[in-house]
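What follows is a single structure, written as structure tokens, with notes after it.
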Amino acid sequence: MTLNHEADDLARQELTARLSLIETMIAEGRQKTESWGWTFVLWGLAYSGAIVFANLGAPVAGWTTFGHRALAWPVCMVAAMVVMFIYPVLASRNRPSSPDTTIGRAIYSMWIAMGISMFLILLALGTSGRLDQQLFVAIVASMLGTVNGASSMVLKWRQQGLCALVWWATAVAACFCNLTQCTLLFLAAIFLCQIVFGAYGMIAERKMMAGRPGALHA
């Protein structure tokens, strides 16, 4: 009986240790995502800028028939990518390095895969001439809803789950709204799920770093 009791205690301790490890990994993954809050803000501004740029008045004199409408998204997306690659290099000089975690790499991989999928399908639809603005919003919103939803489930992060719901609702609404309503809904979703959520992550990271001076940000 004593041996069985000791074996049960060891099993419970091992289970408790594993659960504690899982919770720690989830917390580290959430902190890692918070450290990338600035990218949410960056891409939110890039999306908003591209929409505004593309929906300005008639093309200016001397431009092609498509004018700034054709250049809006490529210019804004390329500019955002350049900033995304340059900023971490500059910022790393003023902050301690943070080791990658398994969950952090998994979340990062999901976003990279989503970005590649979005690029390929939108490029194919745009090249074939089958991409209109409502379809564009539906595709982008559904993909962002998917990756935010998956991330929120892994990290048990309610706020990001709410962002996923907003994106999914936007994707569905884009199929039934007119062009003006679709654009306004997309801008509202970008503001809430990119800029506001990204700012929230940045604030949470600053609070965590302030509370743990000198600690590595996992």
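Need one number: nm distance between label points at Ala210 and Ala169, each 7 Å from Cα along Cα→Cβ, rounded to one decimal.
Inter-label distance under the simple model: 3.1 nm.
Please compute the length gained on full extension between Leu123 and Val83, using 0.36 nm multiplied by the number of residues separating them and subtracting their Cα-Cα distance. Spell out each step's value before the answer.
Working: separation 40, 0.36 × 40 = 14.40 nm, distance 2.19 nm.
Full extension of this stretch gives 12.2 nm more.
Explain nothing, just compute: Karplus ³J(HN,Hα) = 6.51 cos²θ - 1.76 cosθ + 1.60, θ = phi - 60°, for every residue of the stretch 40-48 in order, whole Hz, x for Gly and Pro.
Those phi angles translate into 4, 5, 4, 6, x, 5, 5, 4, 4 Hz.
Read the figures in this text as sums done on the coordinates, not as results from a lab. This one's a predicted model, so the numbers in the text were calculated from it and none came from an experiment. Note that each Cβ is placed from the backbone with ideal geometry, even for glycine, and that neighbours are counted across all protein chains shown.
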